[in-house]
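Here is the structure we will look at.
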Amino acid sequence: MRIGVITFPGSLDDRDAQRAVRLAGAEPVALWHGEHDLRGVDAIVLPGGFSYGDYLRCGAIASFSPIMAEVIDAANSGMPVLGICNGFQMLTEAHLLPGGLIRNELGSFICRDQKLRVENVNTAWTNQFEAGAEITIPLKNGEGGFIADAETIARLEGEGQVAFRYLEVNPNGSINDIAGISNARGNIVGLMPHPEHATEEGFGPDTAAAMRSGVDGLTFFTSAIHALISA
Amino acid sequence: MPTIVVEVMPKAELLDPQGKAVAGALTRLGKTRFSAVRIGKRFEVTVDGPVTDEVLAEVTELANDMFSNSVIEDVVSITVAPDVAPAPQPDLAVSVETTDAN
């Protein structure tokens, strides 16, 4: 099972995403934004970071990258695609996911371990979670406020396309506490928090059991592997 | 060379945290007559050659598809910069503001 991680100019978390893929039991494949080549991967991760320095709009310039033509085709034909933070912003800019992300309500960059509820366990990236599972993974962004028009929000809520919701604290003013969404088919998922930073004990968020022992993010990647095996 | 100016603003119904922060600073400075500030973007696109209808149509397409994101922003104007539209007459060149620097 090969999962590609695309590196854009300004990507930060591409290596962490590759590591998460490896820890989940798949083979990470480094992909490059400037090529028209997905190297035969079975799934794709668009990692976090600050592609093109967040110029124009976060993720906007990256969404016009050469490789995005192949990503859009693959996503539309059902390949699992996960966008994390800047990757989520790219997915909305590429119109693979609805809505948009704007500057945090309070204007400041926020970095914290964030509690979330998994609202939809029928996606390629969440199928190994229990329905309604509460998880904690790091969040770090300046422009993570999810917005969409009322009709789109109603559709996302009605069709179960809200994949994750912030619990306890809404860190950025997102409508309905939305932290992440999926497309109708469930193969494309985007979220602002970072599952790839909670995949190895000693390097994750604190838990009640021990400091830095949180590995809730690993389930995103084992879910993708499960989705590919059962496809 | 001619320049086309595209102006983009965050949608009116959306919170504009940048504008809100500046408005807060105005209040703190005692500038109480200003109740709100909204911050947008201005793109100056320099064109090689004359601004034809075709060029304007292409810029309009770019304005809608790339310079702005219609989910969060509106294109509020697309104009040809007035100071570079007509070429200055040689005998008037001294008195007009348009210079070779354009």
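None of A:Arg185, A:Arg212, A:Arg155, A:Arg165 is touching a Gly at 6+ places or on another chain (Cβ under 6 Å), open to solvent by 30 Å² or more (accessible area, probe 1.4 Å) and among the charged types (D, E, K, R) except A:Arg212. Set side by side, the residues A:Gly173, A:Gly186 differ, and just one is assigned to a loop (DSSP other than H, G, I, E, B) and under 23 Å from A:Ser77 (Cβ atoms), which is A:Gly186.
For region A:169-179, the criterion of a residue being open to solvent by 10 Å² or more (accessible area, probe 1.4 Å), over 19 Å from A:Glu134 (Cβ atoms) and of a type in the set (D, E, K, R) is satisfied by no position.
The number of residues in region A:1-33 that are part of a strand (DSSP E or B) and of a type in the set (D, E, K, R) comes to 2. Could you say whether any residue in region B:44-53 is open to solvent by less than 50 Å² (accessible area, probe 1.4 Å), touching an Asp or Glu at 6+ places or on another chain (Cβ under 7 Å) and modelled with pLDDT of 95 or more? Within region B:44-53, not a single residue is open to solvent by less than 50 Å² (accessible area, probe 1.4 Å), touching an Asp or Glu at 6+ places or on another chain (Cβ under 7 Å) and modelled with pLDDT of 95 or more. Looking across region A:78-133, the residues that are buried (at least 18 other Cβ atoms within 10 Å of the Cβ), within 14 Å of another protein chain (Cβ to nearest Cβ) and among the β-branched types (Val, Ile, Thr) come down to A:Thr92, A:Ile102. Selection of region A:215-231 for residues being under 18 Å from the mean Cα position of the chain (by Cα) and open to solvent by 20 Å² or more (accessible area, probe 1.4 Å) yields A:Val215, A:Asp216, A:Leu218, A:Thr219, A:Thr222, A:Ile225, A:His226, A:Ala227, A:Leu228. The single residue among A:Pro28, A:Pro66 that is on the phi < 0 side of the Ramachandran plot and touching a helix residue (DSSP H, G or I) at 6+ places or on another chain (Cβ under 7 Å) turns out to be A:Pro28.
Looking across A:Phe146, A:Phe203, one residue alone is at pLDDT 95 or above, in contact with a Lys or Arg (Cβ under 9 Å, 6 or more places away or on another chain), among the hydrophobic types (A, V, I, L, M, F, W, C) and not in a helix (DSSP H, G or I). It is A:Phe203. Looking across region B:17-32 at every residue that is out of contact with any helix residue (DSSP H, G or I) (no Cβ under 9 Å at 6 or more places or on another chain) and part of a loop (DSSP other than H, G, I, E, B), the one that is farthest from A:Gly144 (Cα to Cα) is identified as B:Gly30. For region A:34-71, the set of residues classified as in a helix (DSSP H, G or I), touching a Pro at 6+ places or on another chain (Cβ under 7 Å) and crowded, with 24+ Cβ neighbours inside 10 Å consists of A:Ser51 only.
Identify, please: which residue in region B:6-20 is out of contact with any Lys or Arg (no Cβ under 7 Å at 6 or more places or on another chain) and open to solvent by less than 60 Å² (accessible area, probe 1.4 Å) and is, among those, farthest from the other protein chains (Cβ to nearest Cβ)? Residue satisfying both the conditions and the ranking: B:Val6.
The values are calculated or read from the model by the stated rules, or taken from the named source; none is laboratory data. Quick caveat, the model's predicted, so the values are computed rather than measured. Using ideal geometry, Cβ is built from the backbone for each residue, glycine included, and neighbour counts are taken over all protein chains shown. Each accessible area value is taken on the protein alone, full model and side chains, heavy atoms only, with ligands, DNA and RNA left out. Shrake-Rupley method; radii C 1.70, N 1.55, O 1.52, S 1.80 Å.
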